Amino acid sequence: MTHKSKLPVIVFLLLSIVLFKDATYAEGSIILKNGMQSSQVLSLQRDLKQIGYFEAEPTGYFGVITENAVKRFQKEHNLTQDGIVGPQTMKILQDVLNKSTIAAEANQNTGSAENTGNNKNTGTEEDNKPLNATILKKGMENDDVVKLQEKLIKLCLLNSRPTGYFGDLTHSAVIRFQREHGLTPDGIAGPKTIEKLEYLLGKPTLNKGMSGSEVSILQNDLKKLGFFEVEPTGNFGDITEESVKKFQGKYNLEATGIVDLLTFSKIDSLLMTGGYNGISVVIDPGHGGIDSGTAKNGLLEKDIVLDISKKLKNILVSEGYNVILTRETDTALHHLSNIQASREIRDLNARTNIINESQANMFVSIHVNSLSEYPSVSGSIVFYNPDIPKSKTLAQNIQKALNEIVVEGVNRQSQKIKTAEFYVLENSEIPGVLVETAFITNPGEFDLLKTDEFRKQLAEAIALGIRNTD
């Protein structure tokens, strides 16, 4: 089966879809700039991410990271580098998106022909399933894939038209959906994934004046998430409308007070991934990538703190916190900064930008200490900025919990909170601390830092300090 004859039609349809999509933020004389927050900004961030200029998670808030991404785009396309998305920047951005989307889908169709041939040769049982098969995965092409893509498009997870071919774009969209709704992120649309999609798309739109069991379920769900403070009645009145608006505003959805598909999806996502207690925390694992941090005998700070940070995230999410990691892999962040400075400063600047744009309640930057001149020094030390309210309380609570860690055979010294001019502390706008978890230069703590158990203890102590502060 060849796809060459389809390409002209595909190109035409893709251009139509992309041009129609432009209306989300490129219509008329809309200008997007730093400080704005809207669905148009969210669309802008997703588009910049699609073409490789925006590497953070889209939030709908136009902050320093978005501004820097726009400036990089403007620089590479000979536009005025003001970080403002006006008509000229919008036009060039849409031209680039058109070419990018067409190329991606054309590649998928080329791959489709090859994969179809391979499937025929294997003759597996799955290839012979009818179009209503309950498993859809990469490489398949049929009408059910079209239906799957249509659902993903409605959920704003897929930015291209439905082609019927399950390629890289669809695979990535399925993984994202699975992660957001507590499903195994394998990229395969199996029974559980399809069932969840059908459930969400089958939910009726709810608004003021309605009543019934669906409204009761909504009120109960909002109550679990901390957005509905009275007893559920099943009647959608002023209180419910305000609760919905508050929820939508918190999660960068259009605050209409109407419970649409995207609102239902976000509620389900939070419930399926641990719920939400109203508190957001940024966890910053120090260093990463080319910057290993301190090290000893092959044990690297960047690896230790990433592991502790992931453990801390799991604890907090299970308790209903919204958690943002500045990095989730072994990578440095200097490329996300647009300031003229050394690589180290740009890395720190990028971390600070993520913290400030997160609108979180607090942050914790996690590190490992080193003092080769005095190898007998041990213990955890928590640093804070005295100029930021609540930072001292957070530091005291985390320090207390860390000092209470007892390890048989190792004499860990109790430490006191300290102030210091660390870049992240000095430039962040929300309460936060920098935690030096242990001294890699201390023989006893060096051995402890290699163990999973001690890293768990550190994560649990930091979580306790956060819990006692919020």
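For the stretch 336-344, does any single residue satisfy the condition of being in contact (Cβ under 8 Å) with a residue 24 or more places away in the chain, outside any helix (DSSP H, G or I) and within 13 Å of P431 (Cβ to Cβ)?
Within the stretch 336-344, none of the residues are in contact (Cβ under 8 Å) with a residue 24 or more places away in the chain, outside any helix (DSSP H, G or I) and within 13 Å of P431 (Cβ to Cβ).
Could you grab the pairs with beta carbons closer than 6 Å, sequence gap of 6+ or different chains, first residue in the stretch 74-89 and touching a residue at least 40 places away in the same chain (Cβ under 8 Å), second one part of a loop (DSSP other than H, G, I, E, B) and of a type outside the set (K, R)?
From the stretch 74-89, the pairs are G86/I31.
Identify, please: which residue in the stretch 235-249 is within 16 Å of L270 (Cβ to Cβ) and of a type in the set (G, A, S) and is, among those, surrounded by the most Cβ atoms within 10 Å (Cβ to Cβ)?
S243
Scan the stretch 263-281 and tell me whether some residue there is buried (at least 17 other Cβ atoms within 10 Å of the Cβ) and closer than 30 Å to N442 by Cβ.
Yes, the stretch 263-281 contains at least one residue that is buried (at least 17 other Cβ atoms within 10 Å of the Cβ) and closer than 30 Å to N442 by Cβ.
Of all residues in the stretch 150-185, count the ones that are charged (D, E, K, R), in contact with a Ser or Thr (Cβ under 9 Å, 6 or more places away or on another chain) and surrounded by fewer than 16 Cβ atoms within 10 Å (Cβ to Cβ).
Number of matching residues: 1.
Conditions (1) touching a Leu at 6+ places or on another chain (Cβ under 7 Å); (2) modelled with pLDDT of 95 or more; (3) among the polar types (S, T, N, Q), marked per residue:
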| position | (1), (2), (3) |
| --- | --- |
| M272 | no, no, no |
| L299 | yes, yes, no |
| K302 | no, yes, no |
| V305 | no, yes, no |
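On the basis of being part of a helix (DSSP H, G or I), in contact with a Lys or Arg (Cβ under 8 Å, 6 or more places away or on another chain) and not small (G, A, S), does E214 make the cut?
It is true that E214 is part of a helix (DSSP H, G or I), in contact with a Lys or Arg (Cβ under 8 Å, 6 or more places away or on another chain) and not small (G, A, S).
Tell me which of these Q415 doesn't satisfy, since it passes every other one: (1) surrounded by 14 or more Cβ atoms within 10 Å (Cβ to Cβ); (2) in contact with a helix residue (DSSP H, G or I) (Cβ under 6 Å, 6 or more places away or on another chain); (3) under 15 Å from Y384 (Cβ atoms).
Unmet for Q415, out of (1) surrounded by 14 or more Cβ atoms within 10 Å (Cβ to Cβ); (2) in contact with a helix residue (DSSP H, G or I) (Cβ under 6 Å, 6 or more places away or on another chain); (3) under 15 Å from Y384 (Cβ atoms): (2).
What's the total number of residues in the stretch 174-202 that are within 17 Å of the chain's Cα centre (by Cα) and not in a loop (DSSP other than H, G, I, E, B)?
Selection size over the stretch 174-202: 7.
For the stretch 157-182, which positions are within 15 Å of L136 (Cα to Cα) and either among the acidic types (D, E) or out of contact with any Gly (no Cβ under 7 Å at 6 or more places or on another chain) (or both)?
Passing the criteria: P162, T163, G164, Y165, D168, L169, T170, S172, A173, F177, Q178.
Name, by its number, the condition in (1) among the β-branched types (V, I, T); (2) over 19 Å from D284 (Cβ atoms); (3) touching a helix residue (DSSP H, G or I) at 6+ places or on another chain (Cβ under 8 Å) that does not hold for V377.
Failing condition for V377: (3).
Hey, can you tell me all the residues within the stretch 74-86 that are over 17 Å from S337 (Cα atoms) and either touching a helix residue (DSSP H, G or I) at 6+ places or on another chain (Cβ under 8 Å) or at pLDDT 90 or above (or both)?
Scanning the stretch 74-86 gives H77, L79, T80, V85, G86.
Condition check: part of a helix (DSSP H, G or I), at pLDDT 85 or above, hydroxyl-bearing (S, T, Y) and surrounded by 16 or more Cβ atoms within 10 Å (Cβ to Cβ). Does T66 satisfy that?
no
Taking the condition under 18 Å from E429 (Cβ atoms), of a type in the set (V, I, T), within 18 Å of the chain's Cα centre (by Cα) and not assigned by TED's automatic domain parsing to the domain that holds K75, does I315 pass?
Judged against the criteria, I315 is not a match.
Just give me the residues in the stretch 165-195 being under 13 Å from L148 (Cβ atoms), in contact (Cβ under 8 Å) with a residue 40 or more places away in the chain and touching a helix residue (DSSP H, G or I) at 6+ places or on another chain (Cβ under 9 Å), in sequence order.
Matches in the stretch 165-195: Y165, G167, L169, G187, I188, A189, I194.
Against the conditions (1) within 28 Å of the chain's Cα centre (by Cα); (2) in contact (Cβ under 8 Å) with a residue 40 or more places away in the chain, where does I381 fall short? Just the number, please.
Checking I381 against (1) within 28 Å of the chain's Cα centre (by Cα); (2) in contact (Cβ under 8 Å) with a residue 40 or more places away in the chain, the one that fails is (1).
State yes or no: is K266 farther than 30 Å from K196 by Cβ and either in a strand (DSSP E or B) or not aliphatic (A, V, I, L, M) (or both)?
For K266, the condition - farther than 30 Å from K196 by Cβ and either in a strand (DSSP E or B) or not aliphatic (A, V, I, L, M) (or both) - is not met.
Inside the stretch 145-173, can you point out the residues that are hydrophobic (A, V, I, L, M, F, W, C), under 21 Å from Q45 (Cβ atoms) and outside any loop (DSSP other than H, G, I, E, B)?
Within the stretch 145-173, L152, I153, L169, A173 meet the criteria.
Given G139, G111, which one is in contact with a helix residue (DSSP H, G or I) (Cβ under 9 Å, 6 or more places away or on another chain), of a type in the set (G, A, S) and at pLDDT 85 or above?
Step by step, each of G139, G111 is checked, and only G139 is in contact with a helix residue (DSSP H, G or I) (Cβ under 9 Å, 6 or more places away or on another chain), of a type in the set (G, A, S) and at pLDDT 85 or above.
The values are calculated or read from the model by the stated rules, or taken from the named source; none is laboratory data. As the structure is a computational prediction, the values presented were derived from the model and not from experiment. Cβ sites come from the backbone with ideal geometry, for glycine too, and all protein chains shown count toward neighbours.
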